[in-house]
Amino acid sequence: MLIRRAAPGDADAIAEVHRRAFAGPTEAELVDALRAGGHVVDALSLLAVVPDHHDRRRVVGHVVCSRATVAERPVLGLGPLGVLPGHQRHGVGTALMHAVVAAADALDEPLIALLGDPAFYGRFGFVTSTDVGIGAPDQRWRAHFQVRTLAAHDPSIAGTFRYAAPFDDLSDPPRSVV
């Protein structure tokens with residue numbers, strides 16, 4: 001498996017990963033809206049690719065970070081993270097998480113936030129957001145809203161987290177981040 005940055009020509013493969021991973025269009029549409037609105041941090045839109053039976057590279061997973069804020073300070077929101085059903089539980093999501101956290105750290109980003117299962121994301125260093133003074137955008141998410149501070153973290157970054165605008169158009173949080 002190879003982890004690489006997504007390129008403009010990968011949009012269809014990315015949409016297919018999210019449609020199949022979540023059995024519906026919500027996450028694929030969210031990625032499209034984030035990209036169209038200029039919210040995606042290009043260096044943090046990563047693909048997992050494997051050789052297919054014709055020795056071509058096939059996209060089997062995708063993770064993306066978009067620009068978000070805490071008290072008007074720039075931070076990252078992670079999600080969606082999707083893996084094709086036949087490749088789930090084989091380390092693809094784990095590899096994507098390690099790669100995106102390392103890349104964000106190398107870019108001197110202060111933190112990454114996400115909505116997800118603490119049992120899964122805790123192993124990547126995520127903690128409940130309130131542990132670092134950051135409030136969830138929706139208080140109903142509080143137990144599952146998590147933050148991973150990075151080397152450039154400034155402890156004065158505190159307040160309510162705000163995702164990029166396309167997240168506001170969702171009636172429910174995407175399944176990829178819950």
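A short reminder: the numbers here are calculations on the coordinates, not readings from a lab. In this text the structure is predicted, and so the values were computed from the model without any measurement. Don't worry about glycine lacking a Cβ; one is built from the backbone with ideal geometry, like all the others, and counts go over all protein chains shown.
Structure above, values below:
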quantity	calculated
Residue 108-residue 19 pseudo-label distance in nm [points 7 Å out on the Cα-to-Cβ vector]	4.1 nm
0 to 90° range, to nearest 10: angle between helix 92-106 axis and the chain longest Cα axis	50 degrees
Counting DSSP beta bridges with both ends in region 2-165, the antiparallel % (nearest 5)	90 percent
Estimated [θ] at 222 nm from DSSP helical runs (n ≥ 4, -39500 (n - 2.57)) normalised by residues in the chain, nearest 500	-7500 deg cm²/dmol
The chain: angle of helix 11-22 to the longest principal axis, Cα-based, in degrees nearest 10	70 degrees
Euclidean distance of C-alpha centroids, region 108-128 and region 13-72, integer Å	18 Å
Normalised contact order of the chain, rounded percent, pairs of Cα under 8 Å and 6 or more residues apart	22 percent
